[in-house]
1. Looking at the structure I just gave you, is Ser225 surrounded by 16 or more Cβ atoms within 10 Å (Cβ to Cβ), touching a strand residue (DSSP E or B) at 6+ places or on another chain (Cβ under 7 Å) and free of Cβ contacts under 8 Å to residues at least 24 places away in the same chain?
2. Of Val140, Val151, which residue is within 17 Å of Leu280 (Cα to Cα) and either at pLDDT below 95 or not in a loop (DSSP other than H, G, I, E, B) (or both)?
3. Return yes when Gly237 is surrounded by fewer than 22 Cβ atoms within 10 Å (Cβ to Cβ), more than 20 Å from the chain's Cα centre (by Cα) and on the phi > 0 side of the Ramachandran plot and no when it is not.
4. Quick test for you: out of Lys241, Lys295, Lys216, pick the one residue that is closer than 21 Å to Ser150 by Cα and either part of a helix (DSSP H, G or I) or out of contact with any strand residue (DSSP E or B) (no Cβ under 7 Å at 6 or more places or on another chain) (or both).
5. Any idea how many residues of the stretch 19-55 are part of a helix (DSSP H, G or I), out of contact with any strand residue (DSSP E or B) (no Cβ under 8 Å at 6 or more places or on another chain) and not β-branched (Val, Ile, Thr)?
6. Against the definition (in contact (Cβ under 8 Å) with a residue 40 or more places away in the chain, outside any loop (DSSP other than H, G, I, E, B) and among the charged types (D, E, K, R)), how does Asp7 come out, yes or no?
7. Restrict the check to the stretch 62-84 and report whether at least one residue is aliphatic (A, V, I, L, M) and modelled with pLDDT under 95.
8. Please go through (1) buried (at least 23 other Cβ atoms within 10 Å of the Cβ); (2) outside any helix (DSSP H, G or I) for Ala116 and return the number of the only condition it doesn't satisfy.
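The values are calculated or read from the model by the stated rules, or taken from the named source; none is laboratory data. In this text the structure is predicted, and so the values were computed from the model without any measurement. Neighbour counts are summed over all protein chains in view; Cβ atoms, including those assigned to glycine, are modelled from backbone coordinates with ideal geometry.
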Amino acid sequence: MKYSIIDIGSNSMRLTLYESDKDTFKILFREKVMAGLAGYVEDGILSTEGIACACYGLLTFKHMLDSLGLPEPHVFATASLRNIANSVSALNEIKNVTGFIIEVLSGREEALLGYAGAMKELSITEGAFIDIGGASTELVTFDNSKPIESVSFNVGSLSLYKNCVKHIIPGAGSQKRINKVIKEEIDDTGMLPKEKHSPIIGVGGTSRAVMKLSRKVFGLSESCSHITAEQLEALCGILFKGDKAAANLILKLEADRIHTMIPGIMILHHIFMAFDADELIVSKYGVREGYLCQKVLKCNQ
């Protein structure tokens, strides 16, 4: 059977079509809209323009599915509609315009579903999982193939850009402000586990972009899905200069993330250092695949 899932994120909205036989699946196609919903939040309120932007993205996907005769999608949202004061009214307005009933995942649900999705590809028994989104970062530590701690931090690549960066590429002053917010939202909460966790399993746009840039910078193969701590440190050294060379590297490979790449990798680097990790492994699966398996197909856990 075919199943379609729409993920309304704070930076991008994504449609994925799957074909599944019981608890196995394959991806038939993906589409995304870089809606940047976190950029439409002021004083905790998603603006009318932001709601209209979400509706536009959903209607784009709806028309695509209808034209192909595909089934109605399962639609969920993460921090994009979770971390706003007008969540209920926004959900109602979106439903009135698009007809979609949206499930808003809690931060813990998002973290655990992302971890479950990544483990559909990887056979790793211990370490940490991270998903850096536009307005939140989800983290799961695991041992013996079981989650130990899971947490969602209210800090993401797009929200950091919006609140801390004056220009497109963060310079020294912007990076100082970003680091201050990361410390306040991650370290000062006391929710970040302190002991060593390695490897770190990364999913989401920031982790995929880090892997793509690393392949270019370090001459890695296109099939490579992991980098060492030393390689991550070297990549950060290039990007954190915030100069034209850094901008050109991002523009050549991840132009859509020209403004969020550095804030996103700063979150990744911060947690990587806190966990004294040795390696980053990037999974092609994440929260959408976890949602498919656990909420749609209801696979055995």
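1. Criteria not met by Ser225.
2. It is Val140.
3. So Gly237 does not fit the description; no.
4. Just one listed residue meets the conditions, Lys295.
5. 6
6. So Asp7 passes the test.
7. The answer is yes; a qualifying residue exists.
8. For Ala116, the exception is condition (2).
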